[in-house]
Every structure is written in C-alpha cells, then in structure tokens.
1. Please find, within the range 151-165, the residue that is most open to solvent (accessible area, probe 1.4 Å) out of those that are assigned to a helix (DSSP H, G or I) and not hydrophobic (A, V, I, L, M, F, W, C).
2. Among what's in the range 128-150 and is assigned to a helix (DSSP H, G or I) and hydrophobic (A, V, I, L, M, F, W, C), pick the residue that is modelled with the lowest pLDDT.
3. Return the residues of the range 99-155 that are of a type in the set (S, T, N, Q), free of Cβ contacts under 8 Å to residues at least 40 places away in the same chain and under 26 Å from residue 84 (Cβ atoms); say none if nothing qualifies.
4. Counting only residues that are open to solvent by 40 Å² or more (accessible area, probe 1.4 Å) and out of contact with any Asp or Glu (no Cβ under 9 Å at 6 or more places or on another chain), which one in the range 114-127 is modelled with the lowest pLDDT?
5. Exactly one condition in (1) under 14 Å from residue 76 (Cα atoms); (2) open to solvent by less than 40 Å² (accessible area, probe 1.4 Å); (3) of a type in the set (S, T, N, Q) is not met by residue 144; state its number.
6. Mind listing whichever residues of the range 36-47 are open to solvent by 30 Å² or more (accessible area, probe 1.4 Å) and either part of a helix (DSSP H, G or I) or among the small types (Gly, Ala, Ser) (or both)?
7. Being surrounded by 14 or more Cβ atoms within 10 Å (Cβ to Cβ), modelled with pLDDT of 80 or more and outside any loop (DSSP other than H, G, I, E, B), is that true of even one residue in the range 192-203?
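The values are calculated or read from the model by the stated rules, or taken from the named source; none is laboratory data. As the structure is a prediction and not an experimental result, all values here were calculated from the model. Positions of Cβ are backbone-derived with ideal geometry, glycine not excepted, and every protein chain shown enters the neighbour counts. SASA here: full protein model, heavy atoms, side chains in, ligands and nucleic acids out. Shrake-Rupley method; radii C 1.70, N 1.55, O 1.52, S 1.80 Å.
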Amino acid sequence: MEHKLVLEKIFKRIPLMKKAISDPARHEKILSFVSNECKSVNDALYMIDLGLLKAVHESISHEDERVVSLVVRLLGHIIGIDRESSAIFDLVLNEHASLLNFVFGQLESSKVDEIPAALKFGIIESIGSIVKSNHAFNWIRLNQPCLQQLCDSLNDTNLFIANATCKTIYEFDIVLGKLYSMFDTKENYCNALELLWNLSEIKMTEIHIINEKLKRKPP
C-alpha cells in the first residue's frame, strides 16, 4: 500500500483535530482518502496495524461531533470491505466491542433526537457500511434490533440524514430478501419498500426483482 507514512500521520492526528479548523471539509477529505486507500481485507488489516482502530478509540469521545462522525464511518468502512470472510468483523467484535456498542447504542438511546446531526449522519452511514459484511449483518439481525430506529430516521427533517437512512436500509440487501425476516407482516415489509421507492432513486428493474421475491414469500 502506498502512502504508509501519510496514513500513519493521519491516524495520529485525527484525535488531535481542533473544533475550529480553517477547512470545514477536512473530515470528508480524510474519509475519502482513507476509503480510497482501503479496498481489500488486507488493506483494512494493514490500516489497523498503522493505528486506525487506535484513532477510532481515541476519538470516540471527541468534543467535535464531526470527528466522531468521521471515525465511526472509518470503522464502518473497514468492516464493510470484508464482505465474505469474518476477519475484520471478528477482530472488532472480540477486541473492540465497545466501538460497536457506541455505534448501535446511539440509535437505541431515548434521546436519539438530541444527537447532533453530523454524528447521527455518521452513525447511519457507518451502519450502512457495516451491514455489507455478511457476518456483521447476521450479528446485527440477532443482537441489534436497530431497523425501527432507522425507519424513524427516514422522517428526519435533515435531508442528508433521511437520504443516508434510505441508503442504509437498502444496504440491508432488500433484493436478496434479508429484510423480510425483520418485519412482522408482509404489509409492513411492502410499506417499507414503498417508502424507500419514494425517497430514493431505485431503478425500476430492481423494484421488479423485489416484487418477484415477495411473490415467492409465504403469506
């Protein structure tokens, strides 16, 4: 991987970022750079060795919610990059479970409406990345009933949050039918699909596939 020294410097400096910075887009630039450098499980493991998870731990209580939003999305990215194996997710679950508890605990909080918009956006995007891992999805399905809280966020007045929520729910892999088991009735499942249709730009061909999947579901 290129840019080893740059990445090491980034991970060391993230926890030290000041709330008043001259470039308000710096957090997104860091996220974009690191994400572009991390395209495989080996890349993710290498970044962990360089201090990525250490940076997440040290920044999770940062006074600037934009920094917290940044690191939870970095966490989501390295988990989601590992779609088939369980190497990254098992590492995080077994050795850094407090980070997962933080991410999902924010949505379970009774004060979810008081979460700063930047942090809520980051949490939702992080979950959208995490569920790309098959092993993480199964863990979420069994241990983290966050779907209702995500659906509630579809009504958020912040359009960025509403849009991120829509994408995250879609990442639960509706086309493969994984969401169906999370709803108590087919009607609620169909209502969720209709809401997604209204809020996102899902192609008509994908809607057709979803409907065909529904037809094969038992009543």
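1. Looking at residues that are assigned to a helix (DSSP H, G or I) and not hydrophobic (A, V, I, L, M, F, W, C), I get 152.
2. 147
3. 101, 138, 143
4. 114
5. (1) is the only condition that residue 144 fails.
6. Scanning the range 36-47 gives 36, 37, 40, 41, 42, 43, 45, 46.
7. The answer is no, given that none of the residues of the range 192-203 is surrounded by 14 or more Cβ atoms within 10 Å (Cβ to Cβ), modelled with pLDDT of 80 or more and outside any loop (DSSP other than H, G, I, E, B).
Conditions tested, residue by residue: (1) at negative phi; (2) polar (S, T, N, Q); (3) surrounded by 14 or more Cβ atoms within 10 Å (Cβ to Cβ); (4) modelled with pLDDT of 95 or more.
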| site | (1), (2), (3), (4) |
| --- | --- |
| 22 | yes, yes, no, no |
| 65 | yes, no, yes, no |
| 76 | yes, no, yes, yes |
| 79 | yes, no, yes, yes |
| 109 | yes, yes, no, no |
